[in-house]
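A quick write-up on the structure given underneath.
Every read-out reported here was derived from the displayed coordinates using simple, explicitly stated rules and does not represent laboratory data. For clarity, every value in this text was computed on a predicted model and none was experimentally measured. Cβ sites come from the backbone with ideal geometry, for glycine too, and all protein chains shown count toward neighbours.
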Amino acid sequence: MKILFYNHTGKIGGAERVLLTIVRNLDRIRFEPIVICPAGALREQMEASSVPTEAAEVLNARFTLRPDHFIRYLKSFLSVILQLRRRVVRLDPDLIHANSVRAGLVMTAATIGLRKPVLWHVHDLLPPRHPFNPFIRMVAFASRQTQIIAVAQASADRFSRSFLPLENRVTVIRNGIDVERFRPCATRRRAIRNQLNVRKRKVVGVIGRLTPGKGQLELIQAFAEVLRTFPNALLVIAGAPAFNQEQEYADLLERTTRDLGIDDRVRFLGEREDVASLMQAFDLFVLNSESEACSLVLLEAMAAGLPVLATSVGGTPEMITHAHNGWLVPQGNNESLVRALTTLLNIDQRRAQLGRNARETAVARFSTARFLREIDSFYSEITQSSKKKITHQVFDQKLVTD
């Protein structure tokens, strides 16, 4: 089975990490992958893994109502659509895996009349009341060849929230991570804590892109209050800006620590390649996001046996049961965040039990092996279903001709 994977950006974020997991682990006897994406880190990693790739034009398009931007973005959409249609005709794949909503829109348009099954992999939650949501849902519904994977039930529900009957088009397949790579290890913990020189400090850690939606600013502000109770605590922030105006946000974070007088209690590490080791240094992991579907870094922290403090948004409550395998707080509530941080830093035994339960949950429900089994099964199901549809269509056309 030949599968064409399309990613609209060459940068690597959570969605691209999921795509790399899929493509690197495909059974090459049964599946023949080819990846189309713009030049960048993603294509480099695919090629390093001996995955056939082809370059694509960058999709310079976002959902906007500004007429000048809309026209420019529409031109980009049309250019990429025409380019990809030629690729699909030439490569003749059995299945197309579009790795985002934007990629799905492009590929669905590029394959009109070609009778190719197109899979949209929805990694996020559609923004509530966004003016383009009805259009996105109508495109997905209008194409009989389109199926959707959502990474969380919350993501599936948000996508299906429409007068259109989309529920039977959406399948939930939650992300998976390498639970062995993130296994807790006392030796690694000692080594990384020595390296960071935090041997006798309680370390609160956060890992992720530096962007307003991840809530690092609000966490820094809450941490300043926590320091009144735990003056020797340390907040470690790993991650870097990547898109749009995020460098300005990164500068704001560092400026805020100085303004609050806590720059000696907050450490910015930048982007790290040793996340599995770095997590071993933490006493508490925090995910203070405005929106999440199925956060990979949250699953990795759970697999590392860390107590996790997270905002109760999107699909996170599908992974975290409050006070059992993690701690949930309302998003945007500074008082609740401060209280939760203080509570969890105060009781070592509670953190340890939360971490053990988190590890058990990750191993039982969120392993890479489970994820790949479900993806494999879905690929087989969607291609078989598509072949039946095409057979019926050909038969019906023959009856009309006769």
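Points worth noting:
- The modelled label-to-label distance for the pair Arg90/Ala186, using points 7 Å beyond Cα in the direction of Cβ, is 5.9 nm.
- Computed over the chain, Kirkwood Rh from alpha-carbon pairs, angstrom: 22.7
- Kirkwood hydrodynamic radius over Cα pairs of segment 186-365, then Stokes diffusion coefficient at 20 °C and 1.002 mPa s, in µm²/s: 133
- On Cα atoms only, tilt of 101-110 relative to the major axis of the chain in degrees: 10
- The count of lysine pairs in the chain whose Cα atoms are under 16 Å apart, excluding pairs fewer than 8 places apart on the same chain, comes to 7.
- Förster-model FRET efficiency, 45 Å R0, Leu114 and Glu271, C-beta, rounded to 0.05: 0.70
- Computed extension length for Ala55-Gln349: 100.7 nm, one decimal, from 0.36 nm per residue of separation with the Cα-Cα distance subtracted.
- Rough spin-label spacing in nm, given labels placed 7 Å along Cα→Cβ, for Ala364 and Asn25: 2.0
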